[in-house]
Amino acid sequence: MELKITVLRDEFIEIEVLKEDPAILDSLAEILQNIEGVEYAGYMIEHPLTMKLILRVKTNPAKITAREALQKALNELLNISNVLLEKVYQI
Amino acid sequence: MVDLKIVEEDEKSLKVEIRDLHLSIANAIRRLAISEVPTMAVEEILIIENTSAMPNEVLAHRISLIPFISDIDRYVQPEECTCGSKLGCDRCVVRYVLRAEAKDEPITVYSRDLIPEDPNTIVKPVSPNIPIIKLAPKQRIEMELYVRVGTGKKHAKWQASIATLYDKDGEPGKKILFIESIGFLPPRRILLEAVKIFKKKIEELKEKIMGELGG
């Protein structure tokens, strides 16, 4: 996975992600969408053959900054995957 | 929080009931079970002799599609191996030889005719009865095979499983993840590996994003 932040403002962040499965960003986008104050979270596949993905997050800065929203979403996603791994070991 | 339950299982397939998990995460697990779980197949073939009717590249392609029971605890992908050797070492390659000759009668060469260099290896074709080639009298093949670890995204011959995700009939909120193994690994192991890979990817994503954002 290669990553580059192309736009960084309080209320908006755009990140280019290379060589990664889109389903990973899809999970992150869904978690972001459920965070209070996030106005838009989504990703696009630039072209199916280039494996280049663009993730965009827009928030209401009065409630939460885009950086905080990303941090929160990543922590939550990591928690979920830890619980999931434990459950898979149990079954 | 997340709840998993096995509703059906046999040696080849697995049905897991999933509750309270984001659809996108369940889908990511499904996709990883198909394209990123490591398995083993023939990656390189050294043809010493081939007087059969089949051209070298066609024969090599046929052999490469044979699934091998995979020992992914012992073997690693060649690009992750520390040996740096093009031929590979005992952690990234399993060597096989295939020698067959038809004397007076035509014969069929099967996957059971592949002979491992190390007779104790557990890495072997999933079935002994896969036909490889037919030889007419006096035709002969002799080759060396290099079995390596790979993933479905590199080539479909390494695809570990077929996986589907769907809603459970009449029970809203419950999903079924169906994993059918090709034979490389048991279905439970495929699920476990897919979840491990998911967690590793999330850790990497978090580290990289927070690193770039500075904090």
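The values are calculated or read from the model by the stated rules, or taken from the named source; none is laboratory data. If you're wondering where the values come from, they're calculated on a predicted model, not measured in any experiment. All Cβ positions, even for glycine, are placed from backbone atoms using ideal geometry, and neighbour counts span all protein chains on display.
Okay, here's what the table says:
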item: Only one of B:Val109, B:Val97 that is crowded, with 19+ Cβ neighbours inside 10 Å, outside the structural domain of B:Leu185 (by TED's automatic domain parsing) and hydrophobic (A, V, I, L, M, F, W, C); result: B:Val109
item: Neighbours by Cβ (under 8 Å, 6+ apart or cross-chain): first from segment B:49-62, in contact (Cβ under 8 Å) with a residue 24 or more places away in the chain; second surrounded by 12 or more Cβ atoms within 10 Å (Cβ to Cβ) and part of a helix (DSSP H, G or I); result: B:Asn50/B:Asn56; B:Asn50/B:Leu59; B:Ser52/B:Leu59; B:Met54/B:Arg62
item: Residue within segment B:179-187 that is surrounded by fewer than 20 Cβ atoms within 10 Å (Cβ to Cβ), more than 14 Å from chain A (Cβ to nearest Cβ) and either part of a strand (DSSP E or B) or free of Cβ contacts under 8 Å to residues at least 12 places away in the same chain (or both) present; result: yes
item: Qualifying residue in segment B:37-55 (condition: within 14 Å of another protein chain (Cβ to nearest Cβ) and crowded, with 17+ Cβ neighbours inside 10 Å); result: yes
item: Criterion (in a helix (DSSP H, G or I) and of a type in the set (Val, Ile, Thr)) met by exactly one of B:Ile34, B:Ile132, B:Ile115; result: B:Ile34
item: Residues (farther than 29 Å from B:Arg19 by Cβ and either polar (S, T, N, Q) or away from chain B (no Cβ under 11 Å) (or both)) located in segment A:65-91; result: A:Thr65
item: Residue that is farthest from the other protein chains (Cβ to nearest Cβ) [pool: residues in segment B:14-25 that are assigned to a strand (DSSP E or B) and surrounded by 15 or more Cβ atoms within 10 Å (Cβ to Cβ)]; result: B:Lys15
item: Residue in segment B:93-107 that is within 23 Å of B:Trp158 (Cβ to Cβ), within 14 Å of another protein chain (Cβ to nearest Cβ) and not in a strand (DSSP E or B) present; result: no
item: Per-region count, segment A:55-85, residues closer than 20 Å to A:Leu18 by Cβ and in contact with an Asp or Glu (Cβ under 6 Å, 6 or more places away or on another chain); result: 1
item: Qualifying position, being in a strand (DSSP E or B) and crowded, with 18+ Cβ neighbours inside 10 Å, among A:Ile24, A:Ile15, A:Ile80, A:Ile54; result: A:Ile15
item: Which listed residue is over 30 Å from B:Glu8 (Cα atoms) and modelled with pLDDT of 95 or more, from A:Ala62, A:Ala23; result: A:Ala62
item: Matching option when the condition is in contact with a helix residue (DSSP H, G or I) (Cβ under 8 Å, 6 or more places away or on another chain) and at the interface with another protein chain (Cβ under 7 Å from one of its Cβ atoms), among A:Glu30, A:Glu20; result: A:Glu30
item: The listed residue being crowded, with 18+ Cβ neighbours inside 10 Å and more than 9 Å from chain A (Cβ to nearest Cβ), out of B:Ile176, B:Ile162; result: B:Ile176
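Matching residues to (1) surrounded by fewer than 19 Cβ atoms within 10 Å (Cβ to Cβ); (2) free of Cβ contacts under 8 Å to residues at least 24 places away in the same chain; (3) outside any strand (DSSP E or B):
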| position | (1), (2), (3) |
| --- | --- |
| A:Ala29 | no, no, yes |
| A:Ile35 | yes, no, yes |
| A:Glu39 | yes, yes, no |
| A:Met44 | yes, yes, no |
| A:His47 | yes, yes, yes |
| A:Thr50 | yes, yes, yes |
| A:Lys58 | yes, no, no |
| A:Lys63 | yes, no, yes |
| A:Arg67 | no, no, yes |
